[in-house]
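Below is one structure, written out as structure tokens; comments come after it.
The values are calculated or read from the model by the stated rules, or taken from the named source; none is laboratory data. In this text the structure is predicted, and so the values were computed from the model without any measurement. Heads up, the Cβs are rebuilt from the backbone with ideal geometry, glycines too, and the neighbour counts pull from every protein chain shown. What goes into the accessible areas is simple: the full protein's heavy atoms, side chains included, and nothing from ligands, DNA or RNA. Shrake-Rupley method; radii C 1.70, N 1.55, O 1.52, S 1.80 Å.
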Amino acid sequence: MSSGYGQASVLHDVSLTLQAGEIMAIVGRNGMGKSTLLRTIAGFLAPTQGSIQVLAHPTAQKQPFEVARMGLGYVAQARALFPDLTIQENVALALAPRNSLDDAFARIGEIFPVLADRRQQLAGTLSGGEQKMLILARALIADPRLLLIDEITEGLQPSVRETLRLALATETARRSMTVVLVEQDLAFAFALAERYAVMKLGRIVKDEPTEGRQWQEVARDHLAV
Amino acid sequence: MVGLLLDCLTTSALLFLVTVGLLIIFGMMRIINFAHGAFITVGAYSSVVAGQYGLSPWLTLILGPLAAGAIGAIAEPLVLRRLYGRQLDTILATWGLALIITQLVTLKFGRGTQPVDSIDLGTVTVLGTPYSSYRLAVIPLVLVLSIAILLILRRTRYGLVGRAVIMDDDLAQTLGVNVKRVRFTSFVLGSAIAGLAGAVLVPMSSVDPNLGLPWLINAFLISLLVGVSTTALAFASLALGSAQVLVGLSFNSVSATLAIPVLAVVLLRLRAHGFVRG
Amino acid sequence: MGGALLAVAALLASGPLLGDYDRSILVQGMLFAVAAVTVDILWGYTGVLSYAQSVFFGLGAYGLAIYSVEFGFSWTGAVIAIVLSAVAACVVALLLGLLSFHSKADWLYVATVTFAATFAFEKVILAGGSLTGSSSGLSGFVLQPVGIADGYRLSGLLLIAVTLGACLLVRSDAGRVMRAIRENEGRSQYLGIRVHRVKILLFAVAACVAAIAGSLYATTQNVVAPDLGGFQLGTAMVIWAAVGGRGTLLGPVGAAIGINHLNAYLSGSIPFLWQLVLGLVFVLVVTYAPGGAASLIGFPIRWLQSKLRVPGGSMPGGLLTVVPHMKAHEASARTTRPLLEVTDVSRSFGSFHAVKAVALAADGGEIVSIVGPNGAGKSTFMRCISDGGYRTSGSVRVAGSDIGRLTPDVISRLGVGQKFQTASVFASLSVFECLSVATRARRPSIWRRTSQLEIPAPAFEIIQMTGLDRLLHHTVSGLSHGQKQSLELAMVMCTEPRVILLDEPTAGLSQTERAAIGAVLRKIATDHLALLILVEHDLDFVQEISSRVLVLHHGELLMDGTVSEVVSSELVQEIYTGSPAGME
């Protein structure tokens, strides 16, 4: 997948190529264009220049739902679930009509048992951490081949972060899935990702493997005051 | 007293019936459909067509929704789809659509009132008061319709997808929901319900090309009041319908026709919210 | 403008050449055109969609008819009747306006109220019995019928006068303010423009003009019917404006006259087909060519406009200059109170508390930066200062006076300026016009237009530094993102604020632009003793510029200290590097 664009001057000539099965973290301070990058890949914003290919198919002229049906999962930073729908309804929406809801909940039960027993509860009544679990679970049971995750750890307790990390690690180990994580929590990001990129003012200023790099170092160099 | 109560109930039921199609379109598409009145007219004229072919007037209850739904299915891709996000232009364009439909009806049937064979059920006596059976039958019809709508919304996948689109269409898209198709279906459904309302109105009003216009005004004002909630619509219809009957009884028929617009405008001012976003 | 005159004058001059039938239709058409001009002023230029112009037209017509029936027709009587019905229309418009234009009502509510008004008008006339003639209306009330030639001249003169006045208005400074309101009501309000007052005033004036046209209609036609004030005519007026081209004046005038004329001819031969064609044209125009006929005819009209300087698509030429005004800044009398005092301000959305009891006291000359992760409540906190109706609890004082529940336009006049996060400007105005609107927001002339503008020194520095001073003629929508940001900042500075709120002033700017903006901001604080409050993500920029830093996290004020205190604090490092220790 390669892309290059400038969108409302938020992104400038960004190029990224991910191999199948690769897990990449994108880090950087707020307002540097990370979320814009994900929104553009998901098809909500059209690149003003350049092109995007998801799983070898160009996404130009495609509606976001068409991109989603190509096998792209997108977990947005805000408003990523329907608070007035039940857990079951939230999950059902992401599932193709022919897939069984019970199978889906059997799988969810393995990763997040806390959700599986409360299928009829309204999603808005879950705690912040449980909501994030639901969002991640819903993205995973659709079996995306490329998953974009925007700051899923924001505002969560360490224990919940650990649960989410474990779930992602298990699922990515189980089957080939390409993941792009936008993260502020570098410890979380570095525990999962094989590669990281730093964004600054809409550009990628660094793109290298995480191997041999300490997250504290990267935090000091690129995020600290 | 019983007659008055029944008047309130049947008037409210009619208001609900006339408004609910507008509400579906507004909820799913954020579109205020000024062609709604014209769809009602089309539904009513199905009785004229049925009469010409010697069909039973009961068939209009199917023909009306079919005809209006078909026009909706043509209009949505040609006009409405191009105007998403341009709310003001949608009001203008759907009003233009209403002009076109009304003129087509006039071209075909003339501008005068059409004599029609309408359903005649005679009267029944309710607690000692004789009352039109047909008017009375509107109440169960509306109840059945609203329960059907609720069931579709709560129990089917279409309903689930539809509710998701109302709540957050961007998020629905990221889950692979074809929002375009949901909107198309909603518009056709809303139009068809307007057609049904038109067919139901036939025995109670004269059939002419502008039949739908006064209903449009009431439906539009009520839909602004209630946002997208069908429960709120039921309450608003009951309150405003009763108000209209009572004002008509205490004053005259002109003040009765003005009761709903005036009340709605004042209520909207008091509630003081942007109802579009509500 | 001359073009409008020319066209109407040509029509008038050709009067004697036309047959009586054509002329009598043209009389109608020209009076309808007057109403169409009022729709265009309201909708095309100011963004207020009103269906009720027919109501005022009908009021004028019925006013004259009823007066004549009751007191007998005479020319003096006619003048009295016209004045009375114009006043009545004005009063009705004020009432509808007070109902429609307030901070919680949107355009849809206005459309709704005016829509309901047409409905009500028809019903009231129908219920009026012998006074209004009910459904058959009134006729034959003008005892010495006006000759066609006189009627023709009379309505022509009215149309010329109204079109001329409208042209003057839309190209004046006030016209710029109107277009600014249409383009961006929020920005206009935060520049201190009393948007609702402007709209109510315009609505009342437009009602007066439509009523006068209606009275002339009754005088010349000698017949009035309920549909004159009804919904059909009300929407027809909107259709004329849309089909002719909103915001062009000439377009709606042409469309009103043309459509009315075709109507008269075709209604006889192909009555319903003609209406059908009209409906089709309307839908096509709205869907595919929202600019209307004026944009379709395109070239010749634009040529005409550039020649005649009717503001519309292209920007007029001519020499425009912007200079800094030399008024020495009055060092505001120092009071014992700080310039800005925020006491325990909170803002909740239901059970979610976006801002929790934040307090701040700051004085002129300070640059206070607010930092914190996304969703910390920074922008929400700023809005609590600039919009009195926004906070849930707590109090805000600017230069000692409590802002209470004041609206943003009034708070702006207290000396609070706000620059929004995304560049909020007036897309279809030129750079010069934007600056002029911001500078003259308080009392714009309704017939003159400024071509030399004196703006406060800081605003001048901003446009000079960013090169905007060389782009004064350019339409704002064509500017780069950075230029729009700078322009918005310059517009805010034009209102000479003492407290300046800046939401991410450097977002999307290049490194050089950042440095330049930073220098200007520092100068504003030191030279003009203004208080600057910034929300900023770029921490390098914050370090460079701030005299003080607030740290917000989950709506709470975590720290309030100097730059070095905050930078060396572990808490801030934790929040920013995302280490779990920073979380609760």
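Annotations for the structure displayed:
- Every listed requirement among (1) open to solvent by less than 50 Å² (accessible area, probe 1.4 Å); (2) more than 25 Å from C:THR466 (Cβ to Cβ) is met by C:THR392 save one, (1).
- Meets criteria (farther than 27 Å from C:ALA376 by Cα, of a type in the set (Val, Ile, Thr) and surrounded by 23 or more Cβ atoms within 10 Å (Cβ to Cβ)) for C:ILE524: yes
- Elements of type helices (runs of 4 or more DSSP H) in region B:159-229, at least 1 residues being at pLDDT below 85, under 28 Å from A:ARG69 (Cα atoms) and within 14 Å of chain A (Cβ to nearest Cβ): B:169-174
- Residues (within 18 Å of C:ASP173 (Cα to Cα) and assigned to a loop (DSSP other than H, G, I, E, B)) located in region C:457-491: C:LEU472, C:HIS473, C:HIS474
- Residue ID - nearest to C:LEU521 (Cα to Cα), chosen from residues in region C:337-356 that are in contact (Cβ under 8 Å) with a residue 60 or more places away in the chain and open to solvent by 50 Å² or more (accessible area, probe 1.4 Å): C:ARG337
- Extreme residue, least open to solvent (accessible area, probe 1.4 Å), among residues of region A:126-169 that are of a type in the set (D, E, K, R) and within 23 Å of A:GLN88 (Cβ to Cβ): A:ARG138
- The single condition among (1) closer than 17 Å to B:THR11 by Cβ; (2) open to solvent by 10 Å² or more (accessible area, probe 1.4 Å) that B:SER206 does not meet is (1).
- Counting only residues that are in contact (Cβ under 8 Å) with a residue 24 or more places away in the chain, small (Gly, Ala, Ser) and open to solvent by 50 Å² or more (accessible area, probe 1.4 Å), region C:104-139 holds 3 of them.
- Of the residues B:ALA73, B:ALA50, B:ALA35, the single one that is open to solvent by less than 10 Å² (accessible area, probe 1.4 Å) and over 17 Å from B:ASP120 (Cβ atoms) is B:ALA35.
- Among the residues listed as B:LEU83, B:LEU78, the single one being open to solvent by less than 50 Å² (accessible area, probe 1.4 Å), facing chain C (nearest Cβ under 9 Å) and over 13 Å from B:LEU196 (Cα atoms): B:LEU83
- Looking only at residues in region A:89-106 that are buried (at least 16 other Cβ atoms within 10 Å of the Cβ) and either in contact with a Cys (Cβ under 9 Å, 6 or more places away or on another chain) or in a helix (DSSP H, G or I) (or both), the one that is farthest from the other protein chains (Cβ to nearest Cβ) is A:PHE105.
- Count of region C:492-534 residues which are out of contact with any strand residue (DSSP E or B) (no Cβ under 8 Å at 6 or more places or on another chain) and not in a loop (DSSP other than H, G, I, E, B): 14
- Taken over region C:496-526, the residue count meeting the criterion of being among the polar types (S, T, N, Q) and at pLDDT 90 or above is 0.
A quick yes/no check of all residues on (1) part of a loop (DSSP other than H, G, I, E, B); (2) in contact with a strand residue (DSSP E or B) (Cβ under 6 Å, 6 or more places away or on another chain); (3) within 30 Å of C:THR475 (Cα to Cα):
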position: C:ARG347; (1), (2), (3): no, yes, no
position: C:VAL355; (1), (2), (3): no, yes, no
position: C:PHE381; (1), (2), (3): no, yes, no
position: C:CYS384; (1), (2), (3): no, yes, no
position: C:VAL396; (1), (2), (3): no, yes, no
position: C:GLY404; (1), (2), (3): yes, no, no
position: C:SER424; (1), (2), (3): yes, no, yes
position: C:ALA427; (1), (2), (3): yes, no, yes
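- Region C:400-412 residues that are over 22 Å from C:CYS494 (Cα atoms) and not assigned by TED's automatic domain parsing to the domain that holds C:GLU496, paired with ones that are open to solvent by 30 Å² or more (accessible area, probe 1.4 Å) and charged (D, E, K, R) (beta carbon under 9 Å, 6 or more apart): C:GLY400/C:ARG337; C:GLY400/C:GLU341
- So C:ARG197, is it open to solvent by 20 Å² or more (accessible area, probe 1.4 Å) and part of a loop (DSSP other than H, G, I, E, B): no
- Of all residues in region C:146-200, those being touching a residue at least 40 places away in the same chain (Cβ under 8 Å) and within 25 Å of C:HIS473 (Cα to Cα) number 29.
- When residues in region C:126-144 are screened for being in a helix (DSSP H, G or I) and at the interface with chain B (Cβ under 10 Å from one of its Cβ atoms), 1 of them pass.
- Residue check for A:GLN53: touching a strand residue (DSSP E or B) at 6+ places or on another chain (Cβ under 7 Å) and modelled with pLDDT under 85: no
- Pick from region A:170-191, criterion within 13 Å of the chain's Cα centre (by Cα) and more than 10 Å from chain C (Cβ to nearest Cβ), ranking: most open to solvent (accessible area, probe 1.4 Å): A:THR172
- Residues of region C:416-432 satisfying the condition of being open to solvent by 10 Å² or more (accessible area, probe 1.4 Å) and more than 22 Å from C:GLU536 (Cα to Cα): C:ALA427, C:SER428
- Residue selected from region A:67-82 under the condition more than 8 Å from chain B (Cβ to nearest Cβ) and not in a strand (DSSP E or B), by the criterion surrounded by the most Cβ atoms within 10 Å (Cβ to Cβ): A:VAL67
- Taking region B:216-243 as the range and being open to solvent by 40 Å² or more (accessible area, probe 1.4 Å) and either closer than 22 Å to B:LEU4 by Cβ or touching a residue at least 12 places away in the same chain (Cβ under 8 Å) (or both) as the test, the residues that pass are B:VAL228, B:ALA234, B:PHE235, B:LEU238, B:ALA239.
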